[in-house]
């Protein structure tokens, strides 16, 4: 909920480019922590107030663009369309971001083809798909896939 905090000194930063709510403070030395101590205490107090007030960060409702290669697969397979729509919004977004990150059309198509079985199984892009890992949601890759 760091996005709800006032940050007049610009100390808070997003941990990643797609982060909507979280904010972090980055330090490179102990001296920075000592210098920022009063500011950090005020941020902590403000964070407590935000939490006690029950404020929530409204996520942006911007839909990720669907790459043409994936849209073509959705159009030709109603089962894939249904399975994709059944995924949580976060899982859908993760797939769309992964597919869109490829610069070449062939790479996007390869990524789409690779993940069609996983989508049909109702799994997210980072979910364990082998059934052997006890480290859900991420498969640690230390074993072979059952498929």
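The values are calculated or read from the model by the stated rules, or taken from the named source; none is laboratory data. Because the structure is a prediction, the values reported are computed rather than measured. In this analysis, Cβ positions are derived from the backbone assuming ideal geometry, glycine residues included, and neighbour counts consider all displayed protein chains.
Consider the range 1-23. How many of its residues are within 21 Å of residue 94 (Cβ to Cβ) and in contact with a strand residue (DSSP E or B) (Cβ under 7 Å, 6 or more places away or on another chain)?
First, the residues of the range 1-23 that are within 21 Å of residue 94 (Cβ to Cβ): 3, 14-22.
After this cut, where a residue has to be in contact with a strand residue (DSSP E or B) (Cβ under 7 Å, 6 or more places away or on another chain) as well, the list is 15.
Result for the range 1-23: 1.
Residue check: is residue 69 loosely packed, with under 13 Cβ neighbours inside 10 Å and closer than 30 Å to residue 127 by Cα? Write out each step before concluding.
Values: loosely packed, with under 13 Cβ neighbours inside 10 Å: no; closer than 30 Å to residue 127 by Cα: yes.
Spelling it out, it is not the case that residue 69 is loosely packed, with under 13 Cβ neighbours inside 10 Å and closer than 30 Å to residue 127 by Cα.
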> Which condition does residue 147 not pass, out of (1) modelled with pLDDT under 90; (2) out of contact with any helix residue (DSSP H, G or I) (no Cβ under 8 Å at 6 or more places or on another chain); (3) over 26 Å from residue 18 (Cα atoms); (4) loosely packed, with under 12 Cβ neighbours inside 10 Å, if it passes all the others?
Replying inline: (2)
> Across the range 38-62, what is the number of residues that are surrounded by 10 or more Cβ atoms within 10 Å (Cβ to Cβ), touching a residue at least 24 places away in the same chain (Cβ under 8 Å) and out of contact with any helix residue (DSSP H, G or I) (no Cβ under 9 Å at 6 or more places or on another chain)?
Replying inline: 2
> If residue 15 passes every condition in (1) closer than 24 Å to residue 110 by Cα; (2) without any contact (Cβ under 8 Å) to a residue 12 or more places away in the chain but one, which one does it miss?
Replying inline: (1)
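Is it fair to say residue 6 is surrounded by fewer than 13 Cβ atoms within 10 Å (Cβ to Cβ) and assigned to a loop (DSSP other than H, G, I, E, B)? Lay out the reasoning, then the answer.
Numbers: surrounded by fewer than 13 Cβ atoms within 10 Å (Cβ to Cβ): yes; assigned to a loop (DSSP other than H, G, I, E, B): yes.
Yes: the conditions hold for residue 6.
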